[in-house]
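For reference, the structure discussed in these notes is given below.
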Amino acid sequence: MTKRTEPRPTFSAVRRWSARLAVLVSTVCVLAIVVMVNVASQRHFSKRFFLSTRTEVRLSAQTLGLLQGLTNDVVVTLYFDREAALYPTVSALLNEYRLACPRIQVRTVDYLRDPAEAAEVKIRHGLDSAQEKDLVVFECEGRDKVVPGTILAQYELERVPNTEELEFRKKPVLFLGEQVFSAVILAVSNPKPFKAYFLTGHGEHSPESGDEQTGYLKFASLLQQNYVEVHPLSLLGTNRIPEDCNLLVIAGPVQPLFELELERLGTYLDQGGRLLAMVNYQSTGRVLGIERLLEKWGVKIGAGLVRDPDNTISGTDVVSADFGSHTIMNPILGSRVHLILPRPVGAVSTNAPAADAPVVASLVSSGPRSVLLEAASGGLGRHSLAVAVERAEAAGVVTERGATRMVILGDSIVFGNQLIESVGNRDFANALVNWLLDRTVLLEGVGPRPVAEYRLVMTDTQFARIRWVLLAGLPAAVLACGGILWLSRRS
């Protein structure tokens, strides 16, 4: 009788454990290589490749230039609900800032899921109100700025498809993240805050007034959003223009300035001051005194009011898209500027300007068929309505405030609470302020980004079918395939 022998196992226990150990070691090695490659790429490889325009979050060249010149560490706290609709976009943008500049540090605090860290942030930055949420906080050397999430996007109302009742929702159309964040980084990294002073005492528009036509409250808010402090200024008595004045605003005076005030304004401009002056239509026919001062700088404020029959809504306004080639106008190319009863503002005619004469450039003009009312000549033709003035520092001469810059507008209602929201007026105001403050890094390439939204519209029946397919159909299909494979191997 033949003796049966038990089959010897293919793998002994030692070989089985050796194979398991080899797999474990290989897995650890692969993970270690992946980690090392990622660390090395973050430290030594800054080139980014975007495979899809839908997921691309790329910083502009101007922001990259700003970050390259950053010498102080900036800590950014994303105090946000991670489930908020805007969170992924804001987080991705801040990650680009962090990758572009090693001095930018970003941390995220979810105030709903991280109560201890949220309490620390609220105490540190004085966020006492429960309404203060979804914020981005920037810190640099003891200075901090809090950016509400509500100003990071522009919305429009959109009707929600609903057969039962009329329903609307806020749809994001523009994302302003880079424009806001770059301005804040510039502000907190600068130990000396910008200050704007509004001249008072001559019937000027008030930065504290909420009047729809004449109030400048929204313009003052725009300055504050650009992290520029707003202060009133009287030049009577012993008052002079403060040394910390970065921008002087003369917002549509209707009464003449005293000679003492004009002298102090002239000294300020000679020292390299920055001036934003706007003319009110109510001053037509009056001599305010600033006309004589501005003529010394090559600017002439014309008599009468400009009417443009080809570019008007009410007959008394001018909606112009005729822009000059100045840097200020780059952010609003393709848009328009809306003015009410503007006066002509242009360069003084001269045959042989001096080598160190100020450069006067037209910003906005009326159309070729516009007319000049209340003027002796009738003034038929194109008229300049706003100019920018710049005089560089002479070689070997250092002024107290730098190079003189001015913007003179033939209308002051343009930045009133109502009209500042018309067409491109807000962007125009933002651009000229940044130019006057020499923040040219914020003038080009840093603007709103359109928000692309993709939506799948389904009926309740279609949604129910899709739900059952995903919750039951797909798992059942996987189980069926597994069962068929198991049966085939058994057979």
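Values in this text are rule-based calculations from the coordinates and carry no lab data. If you're wondering where the values come from, they're calculated on a predicted model, not measured in any experiment. Neighbour counts are summed over all protein chains in view; Cβ atoms, including those assigned to glycine, are modelled from backbone coordinates with ideal geometry.
Here is how the numbers come out for the structure above:
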{"item": "Relative contact order [Cα under 8 Å, 6+ residues apart], region 193-443, whole percent", "result": "22 percent"}
{"item": "19 Å Cα-Cα reach of residue 122 towards aspartates and glutamates, excluding residues that sit fewer than 8 places from it in its own chain", "result": "81, 110, 114, 132, 134, 139, 141, 144"}
{"item": "Relative contact order [Cα under 8 Å, 6+ residues apart], region 118-238, whole percent", "result": "17 percent"}
{"item": "For region 61-179, share of DSSP beta bridges that run antiparallel, in % to the nearest 5", "result": "75 percent"}
{"item": "Cross-link table 170/192; 170/195; 133/171, entries beyond 31 Å C-alpha to C-alpha", "result": "170/192; 170/195"}
{"item": "Protection-proxy order for peptides 257-265, 404-412, 276-284, each taking the mean of Cβ atoms within 10 Å per residue, highest first", "result": "404-412, 276-284, 257-265"}
{"item": "Fraction in percent of alpha-carbon pairs per bin - 5 Å, region 61-179", "result": "2, 10, 18, 20, 18, 13, 9, 5, 3, 2, 1, 0"}
{"item": "Those aspartates and glutamates that a straight Cα-Cα span of less than 17 Å connects to residue 218, excepting residues fewer than 8 apart in one chain", "result": "204, 208, 229, 411, 421, 427"}
{"item": "Whole-Hz ³J(HN,Hα) from phi, Karplus 6.51 cos²θ - 1.76 cosθ + 1.60, for region 182-187, glycine and proline x", "result": "5, 5, 5, 4, 4, 6"}
{"item": "Per-residue Cβ neighbour rank within 10 angstrom, fewest leading, 428, 463", "result": "463, 428"}
{"item": "Using θ = phi - 60° and Karplus 6.51 cos²θ - 1.76 cosθ + 1.60, couplings along region 408-423 (whole Hz; Gly, Pro as x)", "result": "10, 10, x, 8, 10, 5, 3, 10, x, 4, 8, 6, 5, 8, 7, 5"}
{"item": "Fewest-first sequence of 231, 326 by Cβ atoms within 10 Å of each Cβ", "result": "231, 326"}
{"item": "Check: region 147-239 dipole with +1 on Lys, Arg Cβ and -1 on Asp, Glu Cβ, in debye", "result": "400 debye"}
{"item": "Cα-centred dipole magnitude for region 193-443, charges only on beta-carbon of K, R (+1) and D, E (-1), debye, nearest 20", "result": "340 debye"}
{"item": "Cα gyration tensor shape of region 193-443, rounded if a/c is under 1.5, else prolate or oblate by comparing a/b with b/c", "result": "rounded"}
{"item": "Proxy reagent accessibility, fewest Cβ within 10 Å first, across 479, 305", "result": "479, 305"}
{"item": "Electrostatic dipole magnitude of region 61-179 [Cβ: Lys, Arg +1; Asp, Glu -1; Cα centre; debye, to 20]", "result": "300 debye"}
